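The values are calculated or read from the model by the stated rules, or taken from the named source; none is laboratory data. As the structure is a prediction and not an experimental result, all values here were calculated from the model. Don't worry about glycine lacking a Cβ; one is built from the backbone with ideal geometry, like all the others, and counts go over all protein chains shown. All accessible areas refer to the heavy atoms of the entire protein, side chains included, with ligands and DNA or RNA removed. Shrake-Rupley method; radii C 1.70, N 1.55, O 1.52, S 1.80 Å.
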Amino acid sequence: MAYRYNNVSGELTQELLAAGSNVKVTSISLVNVHASITCTVDLYVEKKLTGKYYLAKAISLPVGVTLVLDYTGFSNAANEFGLFIKLTKSASETPVVDVIIS
């Protein structure tokens with residue numbers, strides 16, 4: 001089983017998997033690794049000309065908490081879905097989340 005590891009910080013939307021990278025996603029693990037702030041997480045797949053489909057929307061992720069999302073998988077083949085994450089801070093500091101995709 002292949003794993004992809006990402007360290008995501010800041011409040012910009014970031015692409016975790018590009019459409020066409022041909023990865024079968026069966027689970028996604030998110031952990032807030034910031035020392036002191038809770039952050040809000042939006043996690044979604046998007047297909048051009050079709051739109052966004054949220055896997056998690058406005059989920060509050062406290063410091064040190066891990067959220068595991070199990071799936072039967074989604075298509076990441078050519079012209080299908082890309083996977084994106086957006087973090088929102090709850091204080092003046094920059095949110096930081098580690099993401100493991102398997």
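Just to be sure, is Val97 exposed (fewer than 15 other Cβ atoms within 10 Å of the Cβ), touching a residue at least 40 places away in the same chain (Cβ under 8 Å) and assigned to a strand (DSSP E or B)?
On the way: exposed (fewer than 15 other Cβ atoms within 10 Å of the Cβ): no; touching a residue at least 40 places away in the same chain (Cβ under 8 Å): yes; assigned to a strand (DSSP E or B): yes.
Answer is no for this residue.
For the stretch 19-32, name all the residues that are in contact (Cβ under 8 Å) with a residue 60 or more places away in the chain and at positive phi.
Gly20
Answer yes if at least one residue in the stretch 68-80 is acidic (Asp, Glu), open to solvent by less than 60 Å² (accessible area, probe 1.4 Å) and not in a strand (DSSP E or B), and no otherwise.
Yes: the stretch 68-80 contains one or more residues that are acidic (Asp, Glu), open to solvent by less than 60 Å² (accessible area, probe 1.4 Å) and not in a strand (DSSP E or B).
If you take the residues in the stretch 16-32 that are outside any strand (DSSP E or B) and open to solvent by 20 Å² or more (accessible area, probe 1.4 Å), which one is nearest to Ala91 (Cα to Cα)?
Ranking the qualifying residues of the stretch 16-32, first place goes to Ala18.
Tally up the residues in the stretch 33-59 that are touching a residue at least 24 places away in the same chain (Cβ under 8 Å) and either farther than 27 Å from Ala19 by Cα or not in a strand (DSSP E or B) (or both), please.
Total satisfying the criteria: 7.
Of all residues in the stretch 50-102 being under 16 Å from Tyr3 (Cβ atoms) and among the small types (Gly, Ala, Ser), which is modelled with the highest pLDDT?
Here the residue is Ser102.
Looking at (1) charged (D, E, K, R); (2) open to solvent by 70 Å² or more (accessible area, probe 1.4 Å); (3) touching a residue at least 40 places away in the same chain (Cβ under 8 Å), find the lone condition where Lys86 falls short.
Tallying (1) charged (D, E, K, R); (2) open to solvent by 70 Å² or more (accessible area, probe 1.4 Å); (3) touching a residue at least 40 places away in the same chain (Cβ under 8 Å), Lys86 fails exactly one: (2).
How about the stretch 33-62: which of its residues are open to solvent by less than 60 Å² (accessible area, probe 1.4 Å) and hydroxyl-bearing (Ser, Thr, Tyr)?
Thr38, Thr40, Tyr44
So which of Thr26, Thr50, Thr88, Thr40 ends up being within 21 Å of Ser102 (Cα to Cα) and more than 10 Å from the chain's Cα centre (by Cα)? First the steps, then the outcome.
Working: Thr50 fails: within 21 Å of Ser102 (Cα to Cα); Thr88 fails: within 21 Å of Ser102 (Cα to Cα); Thr40 fails: within 21 Å of Ser102 (Cα to Cα).
Among Thr26, Thr50, Thr88, Thr40, only Thr26 is within 21 Å of Ser102 (Cα to Cα) and more than 10 Å from the chain's Cα centre (by Cα).
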